[in-house]
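Comments concern the structure below.
No value in this document is a laboratory result; all are computed from the given coordinates. These numbers come from a predicted model, not from an experiment. Note that we place each Cβ from the backbone using ideal geometry, even for glycine, and neighbour counts take in every protein chain shown.
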Amino acid sequence: MAKKGLVSILVVMGMILPVFCFSSCGVLRAYSSGYFDYFDTYSSFTVYASSKEEFNSFAEIFESEAEKYHKLLNIYEKYDGLVNLASLNDQAAGEKVEVSRELMDFLLEAKKIEETTHGYTNIAFGAVTSLWHEARESSEEEKYLPNDNELNEAAKHTDISCLVLDTDNLTVRFTDCDMKLDGGAIGKGYAADRIAEALSDAGYHSFLISLGGNVVSRGHKGETERKKTDEPWLSGIEDPTAYFEHTKDISLALPKSVDITDMSLVTSGSYQRYFELDGKIYHHIISPDSLYPENNFLSVSVIGSSSTLCDGFSTALFSMDLSDGKELVESTVGVEAIWITVGGEIIFSEGFESYTVS
Amino acid sequence: MKKMNMRSASHRVAVYGIMTAVAMVFGYIEHLLPLPIGIYGIKAGLANIVPLTILELFGAFPAAVINLVRIVLSGILFGNTVSIAYSLAGGALSLVVMMLIRRIRGITATGVGIVGGVAHNIGQLIIAVFLTDEIRIAFYLPVLIIAGAIAGLLVGVIASMTLQNKNIKKISNI
Amino acid sequence: MGMKKNNEGKKKIIGRTDILILVSLVAVSVVALVLFGIMFNARGKTVVVTVDGEEYATLSLDEDTVLEVKTERGYNLVVVEDGKVYVKESDCPDKICVKSGEATELKTVVCLPHRLTVSINNK
């Protein structure tokens, strides 16, 4: 009888041990992390993983891709041994500079965006944007507006066809020595697309990444290769009226949230980067028409499957007239937009409301 | 009904086999029951009827083996790796506790079933904490104790009634 | 076996001991529930404040709190009031964190120059 009792205990133990082997295939849960090191803004992600190890691998991939493009698309800093946009601005005037496949791909994409947005989003606009950047960064007491003559002169050096790309030999040359590249209008979108790609390639099915509010999601929440779910990734539309004295009292009826599952949502807003002078607001999105920031809108948000395209569009739409902007959006497949005017009016493109959640 | 001789191994195997199959049916019913609780994979513990009955009739060893076999087979057929883990933990703790509790004076199969049900859920909760890496799940303990007690009550009463059935007594030579 | 038998030698289906066990188990869990409830205002929503990517503080949305965050980069005042959380004051130059208003499950409030974030966690 005692032997039977002993065997029973052993059998019971045998039932408990396998359980610890199963500890490795854990339950799916959401992990998040945030960073201040990339693109001069706050970036974050949320990923569904079944263990801390999976989360750590995800974070590693995110960090290395984000850092890669942060350095590659930087126009203010150069890095030893790396040819980035800043180095091109220094060296490519008249001379052929060798670039990596990644940088070439970016420049090719940027050229396409310039065409699609009819020149409103143009990475060759750096000569003009740098004048505004300096004005914005000047100290509070010495705020000034860029000189009109300087702006007009700089505008003569913004022709993107002066950016010569040799895709076979991977070289870049500026045929205009005073041209400067500024990737700010599409940089975050492009990086977000590349980061999402790397993460999907590594096998992650359910995640949301955000680079300074430039949001990309993949899969439904909690989805894995085996198990499909239908819980959507949601993003909110920020209320821009809260940021300015002259709009604070406007009450906006914004949609509660937007379903961005497998999509990207990018917002350009005057409230993100601006300075005030003599009671007027000067934000960071400069129109190629007026060479000044346009003040038709408080914000424009664009949803689509390519974050690069959405980023490019949101910048362009900000400077365009509402009617021209609507035409551009309606004529582009898979892209929808929402405009918030300075008067507090909300305008949707035809298909935008199919994404909203009340 | 012809009297069966439980000393015969073939008779024992036949009876255990049937019991295992019955346990798997209960296991399937368990699998169909929707969980009112937010933890994915946790089971109700109704299948405990068979281990409890076997425990009373034939002892701890057969009960343990049948339990293990039915959990693994059920898990392969209609569970997933996570639910197997939960069932193993719940089944193991429940069986051990039931073996010990039976010795209390005045307790019937019903009482053993109640405690077994509670132990079953506690076992699952412990594993859930390990798997999800989150101690906060332990807050479900009160709810799981009550649910386990209720399920265990049902299990215990059914087992109790079964044990008093004349035919069962013939099968087990009691 | 300590199983109870009545006069005819038959076993009872349910006895006093069983009921005693059932009642005490239920009583214990009710007490535990109440205790947990008092300890952890468990509505589940918490506020997470991070500085430089690291968790700095966790607050409950149910408890009105005032949290001063003083780092070498600057000062922010995080307030939980009436189930809402926002940055009330900051000595950063643009005060975007203050203008951002309430943090929600969809919106994290960020003070870029101070590397501070305030977000809502719903578990």
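A few comments on the model shown:
- Hydrodynamic radius of the protein assembly as shown per Kirkwood, over alpha carbon pairs, in Å: 29.3
- Mean Kyte hydropathy of 0.0 or more with a Cα span along the axis of at least 15 Å, helices from DSSP in chain A: A:2-21, A:307-319
- Comparing A:323, A:264, A:200 in a Gaussian network model of chain A where C-alpha atoms under 10 Å apart are linked, the largest mean-square fluctuation is found at A:323.
- Theoretical FRET efficiency, 1/(1+(r/R0)^6), r = Cβ-Cβ of residue B:161 and residue A:52, R0 41 Å, to 0.05: 0.30
- With contributions of -39500 (n - 2.57) from each DSSP H run of at least four residues, the per-residue ellipticity at 222 nm computed over chain A stands at -11000 deg cm²/dmol.
- Mean separation of Cα contacts under 8 Å, 6 or more apart, over the residue count of the range A:116-265: relative contact order %: 17
- Relative contact order of the range A:85-181: 45 percent, from C-alpha pairs under 8 Å at least 6 residues apart in sequence.
- Over 24 Å between alpha carbons, listed pairs A:180/A:326; A:188/C:70; A:188/C:107; C:84/C:107: A:180/A:326; A:188/C:70
- Gyration tensor (alpha-carbon) shape descriptor, the range A:113-229, a/c threshold 1.5: oblate
- For chain A: relative contact order, % (alpha-carbon pairs under 8 angstrom, 6 or more apart): 15
- Gyration tensor verdict on chain B (Cα atoms; rounded if a/c is under 1.5, prolate if a/b is larger than b/c, oblate otherwise): prolate
- 31 Å Cα-Cα threshold exceeded, pairs from A:228/C:45; A:256/B:43; A:52/A:112; A:227/C:45; A:111/A:256; A:71/C:95: A:256/B:43; A:52/A:112; A:111/A:256
- Secondary structure note: in chain A, about 95% of the DSSP beta bridges are antiparallel.
- Of the residues A:202, A:191, A:337, the one that moves most in a GNM of chain A with alpha-carbon contacts below 10 Å is A:202.
- Compactness of the range A:134-178 is given as radius of gyration and Dmax, 16.1, 50 Å, from Cα positions.
- Helix B:60-78 and the long axis of chain B differ in direction by around 60°, with both axes built from C-alpha atoms.
- Diffusion constant of chain A at 20 °C, which comes from Stokes-Einstein with the Kirkwood Cα-pair radius and 1.002 mPa s, µm²/s: 96
- Where labels lie 7 Å past Cα in the beta-carbon direction, separation of residue A:305 and residue A:357 in nm: 2.1
- Global form of the range B:64-143, assessed from the alpha-carbon gyration tensor, a/c cut-off 1.5: oblate
- Residue A:134 paired with residue A:248, simple spin-label distance in nm, labels 7 Å along Cα-to-beta-carbon: 3.5
- Helix B:141-163 vs. chain B, principal-axis angle (Cα, 0 to 90°, nearest 10): 10
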